[in-house]
Amino acid sequence: MCLPCLRLLKFKMTNNTILVTGGAGYIGSHTVVALAEAGYRPVIIDDFSNSQQSVLDGLKQILGYEVPCVVHDCNDPATLLDLFQRENVRGVIHFAAFKAVGESMAEPLKYYRNNLGSLITLLEVMLETGVTDLIFSSSCTVYGEPDSLPVVETMPVKPAASVYGNTKQVGEEILRDMAAAGKPVKIISLRYFNPIGAHPSALIGELPLGVPNNLVPYITQTAAGIREQLSVFGDDYPTPDGSCIRDYIHVMDLAEAHVAALQALGQPGPGSHYDVFNIGTGLGHSVLELVRTFENLSGRRLNYRIGPRRAGDITAVYADATKAWEQLGWSAKRSLREALEDAWRWQQQLEKK
Ligand code: WQD
């Protein structure tokens, strides 16, 4: 029997369908690849409000088959219920959310309705259909400006600095309350640090709409000549070179953390469970270190200048990811250089299109 037929047979015999909400987005699409490689059958729901149809072509080229995708807002109980039943969903990874910090401050209701409304709808449909397993996209932003480094999951959650950040904090609280109430759910929140890079094939990667807010797409677009100059937001922070420090994690490492989390939840069965994990490398790198590493690997000089600090930025944050290693058997494997190389390869092939 041919390999695709064997795969199909395996899919039909075991219930391994995972619904990936926001599966056409940056982290979602890479997680779809990691899921498929681990033997799961990913099914996407995405309204393409912040992603592009071309992502599905990239996934098809990487995986060799078309990933089922429903084009719809996931904050719709009827659509979700139909999807759960039709596709025999066994677990969910919930990425679908708005994520622009600035916009969230201007349009709070839009963010609360979308990010929290979709989570509540999803939980209701899970209860109705008896699906227990859920992985939730949370963020290191819950730590705010940490009192000590690296940050550990037991550290206090600081008041959110943005509406977006608050939707992540409240999302975590909703999930914790569900388990505390004894509802039949098994949930893991993953607190992401700074995802960067792309799939090494350069067939999928980050597709920021308009001017990027995040550092790495800004670097690669500047190197490609799309942006004139990178502004390094401040060099007067109390860090070795004065620029901010973050924990940059390769998006494929982050994607694989979702698979590890899903596997840790185990087989569907009775009981309630909630837990939270940091998903970072455990290493802090400064903005200027990223600039130098990028110049080194690309062989190009980056046009940058030191600009003023950006409002809302914290000085430094990086993860203690020991818990993920001990309890999920997961740790980041790819280096900063590898992540920047993959980001650069992705940017270069975008230009060829
Ligand atoms: C990184 C560093 C900037 C752009 C992101 C997400 C956030 C959360 C965590 C998920 C900072 C500096 C940036 C530029 C610069 N993830 N910078 N010039 O702010 O750490 O947060 O990851 O929820 O939602 O947005 O990431 O990439 O914007 O910034 O100097 O043009 O790069 O000051 O120190 P951030 P970022």
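FYI, it's all coordinate maths here, none of it is from the lab. It should be emphasised that the depicted structure is a prediction, and the values quoted were computed from it without experimental measurement. Please note: Cβ atoms are built from the backbone with ideal geometry, for glycine as well, and neighbour counts cover all protein chains shown.
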*Which pairs, out of 60/110; 186/323; 99/158; 168/323, put more than 24 Å between their alpha-carbon atoms?*
60/110
_Relative packing of 140-153, 296-309, 242-255, which averages over residues the other C-beta atoms within 10 Å, highest first_ = 242-255, 140-153, 296-309
*Quick one: Cα convex hull volume of region 244-337, Å³ per residue?*
117
*Running Debye on region 20-68 with equal point scatterers at the Cα sites and no solvent, what base-10 log of I(q)/I(0) appears at q = 0.24, 0.27, 0.31 Å⁻¹?*
-0.80, -1.02, -1.34
*Surrounding net charge for residue 110, when Lys and Arg each add one and Asp and Glu each subtract one, Cβ distance under 15 Å*: -2
*Which semi-axes, in whole Å and largest first, does the equivalent ellipsoid of the chain have when worked out from the alpha carbon gyration tensor as the square roots of 5 times its eigenvalues?*
32, 24, 19
*Report, to the nearest 10°, how far helix 336-352 tilts away from the longest principal axis of the Cα atoms in the chain, using its own Cα long axis and a range of 0 to 90°.*
90
*the chain: angle of helix 251-265 to the longest principal axis, Cα-based, in degrees nearest 10*: 30
_Equivalent ellipsoid semi-axes - Cα gyration tensor, region 126-181, angstrom_ = 26, 12, 9
*For region 225-299, what are the per-bin percents of Cα-Cα distances with bins 10 Å wide, up to the bin holding the maximum?*
14, 32, 26, 16, 10, 2
